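Here is the structure we will look at.
The values are calculated or read from the model by the stated rules, or taken from the named source; none is laboratory data. Here the structure is a predicted model, which means the values were calculated and not measured. Glycine gets a Cβ as well: all are built from the backbone with ideal geometry, and neighbour counts include every protein chain shown. Ligands, DNA and RNA are excluded from the accessible area calculation, which covers all protein heavy atoms including side chains. Shrake-Rupley method; radii C 1.70, N 1.55, O 1.52, S 1.80 Å.
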Amino acid sequence: MSESDLDIMEPETMKSYIWLQTADGSVQQVEQEVAMFCPMICQEIIHKGAGSSKNHAISLPQRVNSAMFSLILDYCRFHQVPGRSNKERKVYDEKFMRMETKRLCELTSAADSLQLKPLVDLTSSALARIIEGKTPEEIRDIFHLPDDLTEEEKLEPLKNTMDDPRIRLLNRLYAKKRKELKERERLKNVEVEGHVDERSVDDLLSFINGTDPKVAKMSKGKKKYKKKKNQKIISSNDKESHDLHFKQQGVEETGSRMRDLLSLEDEIFTPKAGCEDGDIDDEIDPAMKEMLDREVEDFARRLNSNWAQSLGQERRPVHFSINGNNGTTRRHIGQSSGHN
Amino acid sequence: MDSPTSPAQNPSSVHAHSIISSLLTFPDSSPLSIVSCFHRELEQALASASDDASVQERLVDRTLQLVSILLESTKRSFRKRATAHNSSSWFLPPELTVKVFSMVDTKSLMRAAACCTMFNKCAMDRFAYAHVDLTTATSQVDIKVVCNLIHRAGKELRSLKLGSLARPYPSDFNPSLVNGPFLSTLSRNPDFIGSRLKSLGLYNIRGMDRSTSFDVLSVCSNLTDLRIVGLNDPFMHLFKILTEKCRLIEHLCIETSQLLSIINTVKGSDLIKFVTNSPNLTSLRLIRFRLTDKVARLLAQSSRTLEYLNLSRSSTINGRFLRDVRNSCKESPLKTLIVRNCLKLQEKEVLELCNSIIKGNFKSIRHIDVSNNRGLVSDDGKRSYKPKFPLEKLKEERSDVTLVADFPSPWSVKHYPVCHEEDDEELRKIEMMEDDASSSDEESSEDDLG
């Protein structure tokens with residue numbers, strides 16, 4: 001008798017459950033109202049009728065593992081109750097968002113795959129608050145991202161490759177450089193190679209840079225300067241790096257304040273100093289080959305021939321960057337030629 | 001550590017390969033021994049060419065070159081690996097990363113862009129610039145930067161905040177920072193797609209006292225949210241522009257930095273016209289406006305959509321408008337009325353308001369805030385810090401109405417009373433903004449006609 005009573009009672013008190021399977025294989029039963037809070041699950045139930053039994057469990061997207069899923073379920077369970085005030089929900093959300101950053105990221109992507117928009121917004125804004133006000137070093141630390149930007153890339157986050165005035169400036173700089181080159185051809189005959197070369201390159205650089213502090217920095221120490229000169233030669237063999245070099249100068253001239261905006265912290269300042277020492281990198285392999293193959297006889301001659309050669313090569317990279325959409329295109333050029 | 005000097009191509013490159021591979025697989029003996037070995041070899045080579053200084057120099061230079069080439073190359077490999085690691089280990093799909101970036105203020109966005117290539121790429125995306133907030137980087141923001149950012153955002157720009165939340169000192173005048181004349185050029189800037197802009201915030205921007213300063217609003221026809229802090233005289237033409245061009249405004253918040261002249265119905269006709277004719281205006285905040293009670297009444301009554309009215313720090317309101325408001329405001333949807341820190345607000349007016357609400361008038365109201373750091377004006381002209389409001393009865397009769405009447409005693413630290421849930425941090429800061437000249441409303445208006 002009690003059994004039959006129970007039988008009669010059960011259907012009324014029993015909630016309907018949905019079966020869900022997470023990415024790592026565990027199958028769970030979840031109350032229907034809670035599960036229906038997620039649009040994706042909702043769709044699965046309605047359109048495909050899945051989830052009614054253990055064998056036909058709805059399989060959740062890959063990004064949802066069981067830990068995340070239980071978090072999401074807690075969230076849904078709280079919020080799907082209609083009777084809560086806005087304040088209560090806010091308080092709950094605040095508490096809910098207190099977890100370590102890695103879990104927050106996982107939760108965001110899990111919520112996104114379940115199309116649970118309110119939770120996605122919540123977690124995104126929590127992540128945004130984490131990023132806000134931190135230096136790049138700190139951000140890298142928090143998210144465990146190794147640094148893979150070159151120094152000048154760090155300095156130019158506001159760079160815009162579609163800038164027309166800068167292309168014009170570049171052309172003007174090329175013209176100036178050609179003039180300088182002709183001058184150096186004349187001076188090349190003097191055998192006091194180091195001294196003469198330094199001066200002419202120095203002049204050239206100060207001319208391009210147009211700012212005194214840079215000149216002062218660059219003229220510090222001959223040996224240090226020679227190293228810089230070496231690197232400039234290496235880089236001048238490379239299309240992209242030379243392009244970058246000019247672009248950097250162009251940016252400096254037209255938007256030095258822009259860089260000020262970006263070089264706010266000391267961490268960025270030190271790479272800046274380092275950058276001025278070793279301006280560009282990339283594309284060393286072909287350069288290295290050339291260096292190894294050539295006779296190391298006359299430095300001045302090679303310097304001049306390199307400038308001339310690179311001037312001939314420069315024109316092309318400019319067109320590449322005009323046609324390219326953004327920095328990534330240029331980077332592809334660099335990487336593809338690096339594979340040669 | 002010597003390199004081949006023969007000009008032939010193939011043997012030298014093969015030789016180079018073998019040298020380099022043997023270098024890379026060099027047994028892991030202490031770096032000191034490698035260094036000393038290298039040093040010895042170099043010294044030997046230099047010694048063998050000891051008669052020719054130029055040869056020595058060349059040797060040293062070439063070695064330097066080689067070594068730096070190797071260093072650069074290794075760095076590059078490291079970077080490639082780091083990039084690959086980043087793209088595989090980062091949890092969010094790029095769209096979500098961009099979304100997170102769009103919620104961050106612009107200075108932090110630039111810093112995030114300097115973290116790694118993946119972040120850099122996401123930070124260049126247009127959607128990351130949907131909400132440009134430059135209030136955290138005032139000293140570095142100049143016109144070029146703003147133009148650049150606007151160009152980057154293109155048609156995705158939804159909200160723009162310029163200026164600084166802290167009042168600038170008159171001494172730091174920098175002509176290239178964002179100022180009034182620049183704003184007027186924005187309307188002619190082809191990159192600035194004002195019709196897509198939803199929210200605009202201008203905080204303490206200098207030089208906004210010309211008639212052209214608000215031209216930028218004339219291109220922002222879909223603006224729903226406008227905040228201007230530090231408004232100066234003359235400004236009534238602002239409301240003219242708003243009435244004509246920004247018909248979709250829903251939230252308006254204006255705070256003035258100077259003590260403007262008293263705004264009566266004649267002077268404030270543009271303002272009243274705007275509030276009356278604005279079809280979507282739901283919240284209006286006029287902080288430190290010296291409005292007369294008549295104007296306040298008109299503001300509260302004339303809009304069919306206004307739900308939130310905040311007239312705090314108005315030193316000319318004495319509360320009479322509250323009488324009229326509750327009587328004639330039958331269909332008005334006004335839910336929240338805030339008159340914080342209004343110096344001349346009279347206790348008896350608030351009392352009458354309470355009684356009237358208890359009786360059942362003013363059906364729509366839900367929240368009233370009359371808190372004041374200096375108390376209310378009592379009947380005998382003195383300041384009253386503990387007025388007797390029928391709070392229990394209010395709770396009984398109209399349990400959905402909250403009356404906030406916080407009067408911290410003069411010896412306690414001034415604290416800001418509990419705010420309405422709609423007020424965020426920024427709005428609270430705006431309300432509490434002080435002049436640099438440190439003449440707060442209270443002191444200067446004591447000299448005024450009482």
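Annotations
- The condition of being among the aliphatic types (A, V, I, L, M) and at pLDDT below 80 holds for only one of A:Ile72, A:Ile45, that being A:Ile45.
- Residue that is farthest from B:Arg210 (Cα to Cα), among those in region B:242-269 that are assigned to a helix (DSSP H, G or I) and open to solvent by less than 30 Å² (accessible area, probe 1.4 Å): B:Thr243
- Within region B:20-67, the set of residues being of a type in the set (Gly, Ala, Ser) and in contact (Cβ under 8 Å) with a residue 40 or more places away in the chain comprises B:Ala45 only.
- Residue match in region B:287-300 (condition: in contact with a helix residue (DSSP H, G or I) (Cβ under 9 Å, 6 or more places away or on another chain), in a strand (DSSP E or B) and open to solvent by less than 10 Å² (accessible area, probe 1.4 Å)): yes
- Filtered residue count, region A:39-66, keeping only those that are in a helix (DSSP H, G or I) and either of a type in the set (Lys, Arg) or free of Cβ contacts under 8 Å to residues at least 24 places away in the same chain (or both): 6
- In the set B:Ser371, B:Ser356, B:Ser312, only one residue is assigned to a helix (DSSP H, G or I), among the polar types (S, T, N, Q) and either open to solvent by less than 10 Å² (accessible area, probe 1.4 Å) or in contact with a Ser or Thr (Cβ under 6 Å, 6 or more places away or on another chain) (or both); that residue is B:Ser356.
- Taken over region B:25-38, the criterion of being at pLDDT below 75 and open to solvent by 60 Å² or more (accessible area, probe 1.4 Å) is satisfied by B:Phe26, B:Pro27, B:Asp28, B:Ser30, B:Pro31.
- Within region B:112-127, considering residues that are facing chain A (nearest Cβ under 7 Å) and open to solvent by 30 Å² or more (accessible area, probe 1.4 Å), the one farthest from A:Leu104 (Cα to Cα): B:Met124
- No other residue among B:Thr63, B:Thr136 is open to solvent by 50 Å² or more (accessible area, probe 1.4 Å) and among the β-branched types (Val, Ile, Thr) apart from B:Thr136.
- The requirement of being without any contact (Cβ under 8 Å) to a residue 12 or more places away in the chain and not basic (Lys, Arg) is satisfied by B:Pro190.
Matching residues to (1) at the interface with chain A (Cβ under 7 Å from one of its Cβ atoms); (2) part of a helix (DSSP H, G or I); (3) among the charged types (D, E, K, R); (4) within 25 Å of B:Phe127 (Cβ to Cβ):
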| position | (1), (2), (3), (4) |
| --- | --- |
| B:Phe26 | no, no, no, no |
| B:Cys37 | no, yes, no, no |
| B:Leu42 | no, yes, no, no |
| B:Ala45 | no, yes, no, no |
| B:Val60 | no, yes, no, no |
| B:Arg79 | yes, yes, yes, no |
| B:Val98 | no, yes, no, yes |
| B:Phe101 | no, yes, no, yes |
| B:Lys107 | no, yes, yes, yes |
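- Region A:48-72, residues that are open to solvent by 20 Å² or more (accessible area, probe 1.4 Å) and under 14 Å from A:Gln115 (Cβ atoms): A:Pro61, A:Arg63
- Any hit, region A:77-86, residues being out of contact with any helix residue (DSSP H, G or I) (no Cβ under 6 Å at 6 or more places or on another chain), within 28 Å of B:Met118 (Cβ to Cβ) and loosely packed, with under 15 Cβ neighbours inside 10 Å: no
- Test: residue in region A:70-82 that is within 14 Å of another protein chain (Cβ to nearest Cβ), touching a residue at least 12 places away in the same chain (Cβ under 8 Å) and within 26 Å of B:Asn86 (Cβ to Cβ): no
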